[in-house]
Amino acid sequence: MATASPAARPAVAAPALLAALVLALVPAAAAAACSAADRDALLSIRAALTEARLGVFSSWAGTDCCAGWYGVACDPTDGRVADLSLRGEAEDAVMAPAGRPASGVMSGYISDAVCRLGRLSSLVLADWKQISGPVPSCVATDLPYLRILELPGNRLTGGIPPSVGGLSRLTVLNLADNLLSGPIPGSITSLASLKHLDLANNQLTGRVPADLGKLAMLSRALLGRNRLSGPIPPSVASMPRLADLDLSENQLTGAIPDGLGSGHVLTSLYLGANRLSGRIPASLLRNSGLGILNLSRNALEGAVPDVFTPRSYFMLLDLSRNRLSGGVPRSLASAAYVGHLDLSHNRLCGAIPAGPPFDHLDADSFGGNTCLCGGPLGKCT
């Protein structure tokens with residue numbers, strides 16, 4: 001069969017080229033304008049807040065809240081507000097004029113009107129220092145599309161909404177550095193998509209939810225500097241993606257779960273300043289991925305497990321102010337790296353091993369023990 005000559009080929013392709021040319025000349029569909037109901041809700045939110053120095057709300061004018069309103073982003077298909085993000089320590093042109101970062105201060109409260117933004121995916125009101133009042137309970141019930149809830153660095157009071165577990169799409173929950181009180185809601189363990197949980201530095205009481213381990217997607221659980229009591233739930237040891245766990249500066253009691261050191265991705269563990277007792281699980285010190293371990297200021301006892309290996313790499317290892325006995329583990333000398341080591345104020349005895357990492361540590365790392373000697377403490381007699 002004869003093939004078409006080169007001169008004939010453009011004629012065959014002409015219809016497709018013509019169609020492409022027509023499409024190129026047709027203007028793209030304009031993004032949908034702001035929903036009037038959402039605009040009214042935003043203006044109600046603004047009315048409940050005061051920020052006079054930086055003019056954060058100066059752009060909130062006109063009828064289209066999707067066009068240039070600072071901190072507001074909309075779904076272009078329907079004009080519904082999808083994101084409301086106002087950070088008191090951002091580094092953009094509004095918060096950092098002339099390239100000099102500013103620390104914003106905003107007062108007032110979070111209006112219930114936020115719950116009228118029914119398609120909201122992200123709600124961020126962070127580090128404004130003076131926003132007070134409760135977290136509106138309707139946030140947990142009326143915002144089914146919410147994926148990010150960040151309200152840290154304010155003066156919020158009251159409890160965490162009990163129905164927060166109904167936010168099935170939530171991946172980030174950050175309420176740190178407020179004045180929140182009451183228990184951690186049990187429903188929080190229903191947040192199957194949650195990856196980041198930060199409730200640190202509040203006044204939360206009660207126990208860590210026993211089934212916290214159900215949060216299989218969670219990589220960071222930061223619950224330190226509260227008033228939590230009771231034991232560390234054993235279920236925490238079964239969280240496959242948990243990299244950072246902070247339960248420090250609470251009132252936790254009981255033993256450290258044996259399986260906690262078996263986490264394959266665990267990189268930092270802060271349990272200091274509690275009332276924990278029992279022995280240090282050997283799995284914690286054997287875990288080659290764990291780079292920060294702080295168990296200080298508890299009532300831990302027994303010997304420090306002598307299980308360090310050439311794969312051990314500790315940027316910080318703080319076991320100070322416990323009731324540990326026996327000697328300094330000799331296997332520490334085989335560790336690939338030990339940056340900051342603190343074994344002070346225990347009941348350790350015997351000679352401090354020679355060589356690294358001991359030769360770069362000062363006496364403060366070993367002081368306050370029963371009868372340690374050698375190294376920076378001076379010769380044994």
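The values are calculated or read from the model by the stated rules, or taken from the named source; none is laboratory data. Worth saying up front: this structure is predicted, and the values here are computed from it rather than measured. Using ideal geometry, Cβ is built from the backbone for each residue, glycine included, and neighbour counts are taken over all protein chains shown. Note: areas computed on protein heavy atoms with side chains; ligands, DNA, RNA excluded. Shrake-Rupley method; radii C 1.70, N 1.55, O 1.52, S 1.80 Å.
Quick notes
- Residue within the range 252-273 that is closer than 25 Å to residue 145 by Cα, modelled with pLDDT of 95 or more and among the polar types (S, T, N, Q) present: no
- Evaluation of residue 81 against the conditions (1) at pLDDT 95 or above; (2) out of contact with any Ser or Thr (no Cβ under 8 Å at 6 or more places or on another chain); (3) buried (at least 19 other Cβ atoms within 10 Å of the Cβ) shows that the sole unmet condition is (2).
- Count - residues of the range 34-50 that are among the acidic types (Asp, Glu) and open to solvent by less than 20 Å² (accessible area, probe 1.4 Å): 1
- Scanning the range 195-234 for residues that are more than 14 Å from residue 245 (Cβ to Cβ) and of a type in the set (A, V, I, L, M) yields a total of 4.
- Being open to solvent by less than 20 Å² (accessible area, probe 1.4 Å), more than 24 Å from residue 289 (Cβ to Cβ) and over 31 Å from the mean Cα position of the chain (by Cα) holds for only one residue in 372, 377, 348, 324, and it is 348.
- Selection within the range 149-160 - surrounded by fewer than 20 Cβ atoms within 10 Å (Cβ to Cβ) and charged (D, E, K, R): 155
- Flag for residue 53 being open to solvent by 50 Å² or more (accessible area, probe 1.4 Å), within 26 Å of residue 170 (Cα to Cα) and either under 26 Å from the mean Cα position of the chain (by Cα) or in contact (Cβ under 8 Å) with a residue 40 or more places away in the chain (or both): no
- If you go through the range 37-50 and keep only what is part of a helix (DSSP H, G or I), closer than 17 Å to residue 128 by Cα and either of a type in the set (Val, Ile, Thr) or free of Cβ contacts under 8 Å to residues at least 60 places away in the same chain (or both), you end up with 45, 46.
Residues checked against (1) among the polar types (S, T, N, Q); (2) closer than 14 Å to residue 51 by Cβ:
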position	(1), (2)
68	no, no
82	no, no
95	no, yes
103	yes, yes
109	no, yes
121	yes, no
128	no, yes
131	no, yes
135	no, no
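- The condition of being out of contact with any His (no Cβ under 7 Å at 6 or more places or on another chain) and either in a strand (DSSP E or B) or open to solvent by 10 Å² or more (accessible area, probe 1.4 Å) (or both) holds for only one of 146, 123, that being 123.
- Criterion violated by residue 331 - all others in (1) farther than 23 Å from residue 264 by Cα; (2) touching a residue at least 24 places away in the same chain (Cβ under 8 Å); (3) surrounded by 15 or more Cβ atoms within 10 Å (Cβ to Cβ); (4) of a type in the set (Gly, Ala, Ser) satisfied: (1)
- Taking each residue of the range 298-314 that is in a strand (DSSP E or B) and looking for partners that are modelled with pLDDT under 95 and open to solvent by 20 Å² or more (accessible area, probe 1.4 Å) with beta-carbon atoms closer than 6 Å, six or more apart or interchain, yields 313/336; 313/337.
- Flag if residue 118 is out of contact with any strand residue (DSSP E or B) (no Cβ under 7 Å at 6 or more places or on another chain), closer than 21 Å to residue 173 by Cα and at pLDDT 95 or above: yes
- Only one of the numbered conditions (1) touching a helix residue (DSSP H, G or I) at 6+ places or on another chain (Cβ under 7 Å); (2) surrounded by fewer than 17 Cβ atoms within 10 Å (Cβ to Cβ); (3) not in a helix (DSSP H, G or I) is not met by residue 163, and that is (3).
- Among the residues making up the range 274-310, those that are among the polar types (S, T, N, Q) and more than 21 Å from residue 229 (Cβ to Cβ) are 283, 287, 288, 309.
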